[in-house]
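Undergrad: I have a structure here, written as structure tokens, and I will follow up with some questions on it.
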């Protein structure tokens with residue numbers, strides 16, 4: 001980060017190593033820091049909040065808890081369950097960042113202190129481009145100039161990059177967000193917080209509300225109808241076996257289908273209404289294109305433009321050409337067929353290391 005003097009910042013504070021490092025780094029910049037933690041209604045939350053409060057006391061930073069249980073249930077938990085109920089494979093972290101952390105939490109920060117910046121311990125960076133429709137490069141953390149805008153870009157610790165999970169936030173809020181650990185490696189972050197009583201010393205979970213519970217156990221309580229026995233069918237519709245709940249299966253799965261065959265078969269689809277799971281060859285998993293709905297545009301896209309698309313976290317980007325753009329959807333044709341493009345996940349469009357659009361795969 002650049003050297004700063006004065007100003008205020010509120011850190012989204014989970015008590016883990018990343019948000020703790022963010023607090024320390026901001027304070028070293030001469031910034032007055034406060035910490036804000038979300039109450040989400042998770043199991044054993046009071047005990048966890050007590051550990052976070054203790055860490056804030058050790059850090060000597062003002063700390064507050066914001067109750068977002070109702071919104072988290074409506075925007076994240078219900079979304080998660082309804083997606084599985086309809087046969088989609090959801091990514092709740094993307095929606096939590098959009099609606100909760102960089103939505104309601106950020107909004108509360110600006111209500112109490114409109115001049116404050118909002119800091120997050122994500123492994124992410126941002127870049128200012130003065131002409132978004134021209135050259136695709138600019139200086140990170142550069143000065144604001146008329147006609148330009150901020151974009152998400154890759155951090156120094158690229159293998160830990162979390163910008164995929166931030167792709168659906170409102171682009172307009174990025175101006176007031178900082179990512180203090182953007183230039184740090186994982187080892188540097190760990191070294192920075194050594195010896196502190198972290199509230200969450202382990203790596204953060206991808207789905208926080210599962211809290212080490214097996215997914216099938218969690219869903220069996222909330223979507224019991226998805227655990228009814230049903231048919232396993234081949235691509236032509238022939239019944240080739242039985243399953244004990246379509247929710248157990250994911251697109252692309254080969255092992256654990258319960259069906260023996262002379263050739264490798266993969267899950268290529270689930271029909272929750274018919275309660276069937278379809279198996280096919282690996283070639284049946286390949287998609288020539290994808291369509292995303294209700295997209296977020298970081299800059300205008302145009303038909304014929306060539307970009308890279310990630311269809312889930314940690315996969316490399318796939319070369320693709322935009323074939324259709326509208327406020328409601330984006331369609332892209334892959335240069336080479338892509339395996340297991342899964343409804344409910346998010347398609348994120350990159351121009352080099354910069355995110356330019358994203359939407360839910362349909």
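What follows is calculated from the coordinates using simple rules that are stated; it is not laboratory data. This one's a predicted model, so the numbers in the text were calculated from it and none came from an experiment. A quick note on method: Cβ atoms are made from the backbone with ideal geometry, for glycine too, and the neighbour counts reach across all protein chains shown.
Undergrad: Beyond 13 Å, how much of the Cα-Cα pair distribution for the range 228-280 remains, as a whole percent?
TA: Working: 672 of 1378 pairs.
Tail fraction, whole percent: 49.
Undergrad: In whole Å, what is the distance between the alpha-carbon centres of the range 208-245 and the range 267-297?
TA: Result: 16 Å between the Cα centres.
Undergrad: Between residue 239 and residue 215, what is the FRET efficiency for a Förster distance of 22 Å, r being their Cβ-Cβ separation, to the nearest 0.05?
TA: Once the sixth-power term is evaluated, E becomes 0.25.
Undergrad: Run the helix sum for the chain: -39,500 (n - 2.57) per DSSP H stretch of 4+ residues, divided by residue count, reported at 222 nm to the nearest 500 deg cm²/dmol. Spell out each step's value before the answer.
TA: On the way: 9 runs with 70 residues, N = 362.
Dividing the helical sum by the residues of the chain leaves -5000 deg cm²/dmol.
Undergrad: Using 0.36 nm per residue, how much length does the chain from residue 130 to residue 64 gain when fully extended, once their Cα-Cα distance is taken away? Show your work: numbers first, answer last.
TA: On the way: separation 66, 0.36 × 66 = 23.76 nm, distance 3.68 nm.
That works out to 20.1 nm of additional length.
Undergrad: How would you order 353-361, 258-266, 190-198, 328-336 from highest to lowest mean count of nearby Cβ atoms within 10 Å?
TA: On the way: 353-361: 23.1, 258-266: 12.1, 190-198: 13.9, 328-336: 16.1.
Per-residue Cβ counts within 10 Å, averaged per peptide and sorted highest first, yield 353-361, 328-336, 190-198, 258-266.
Undergrad: Additional query: If every alpha-carbon in the chain counts as one equal scatterer, what log10 I(q)/I(0) does Debye give at q = 0.08 1/Å?
TA: Treating every Cα as an identical point scatterer, log10 I(q)/I(0) equals -0.45.
Undergrad: For the chain, what is the relative contact order in percent, using Cα pairs closer than 8 Å and at least 6 residues apart in sequence? Kindly include the intermediate steps, with their values, before the conclusion.
TA: On the way: 743 pairs, mean separation 55.2, N = 362.
For the chain, the relative contact order is 15 percent.
Undergrad: Specify, per residue and in Å³, the volume enclosed by the convex hull of the alpha carbon atoms belonging to the range 1-58. Don't skip to the end; give the middle numbers.
TA: On the way: hull volume 4.4 nm³, N = 58.
Hull volume normalised by residue count: 76 Å³.
Undergrad: I'd like the orientation of helix 17-28 relative to the chain: the angle between its Cα long axis and the longest Cα principal axis, in ° from 0 to 90, rounded to 10.
TA: That works out to roughly 20 degrees.
Undergrad: Further, regarding this structure: Based solely on C-alpha atoms, express the radius of gyration and the Dmax of the range 285-361 in angstrom.
TA: Gyration radius and largest Cα-Cα distance of the range 285-361: 10.8, 31 Å.
Undergrad: From Cα pairs below 8 angstrom and at least 6 apart in sequence, can you work out the relative contact order of the range 228-280, rounded to a whole percent? Before the final figure, lay out the partial values.
TA: On the way: 102 pairs, mean separation 21.0, N = 53.
Reported relative contact order: 40 percent.
Undergrad: Sticking with this structure for a sec: Packing-wise, with mean Cβ within 10 Å as the measure, how do 98-106, 174-182 rank, highest first? Walk me through the numbers on the way to the answer.
TA: On the way: 98-106: 19.8, 174-182: 21.4.
Final packing ranking: 174-182, 98-106.
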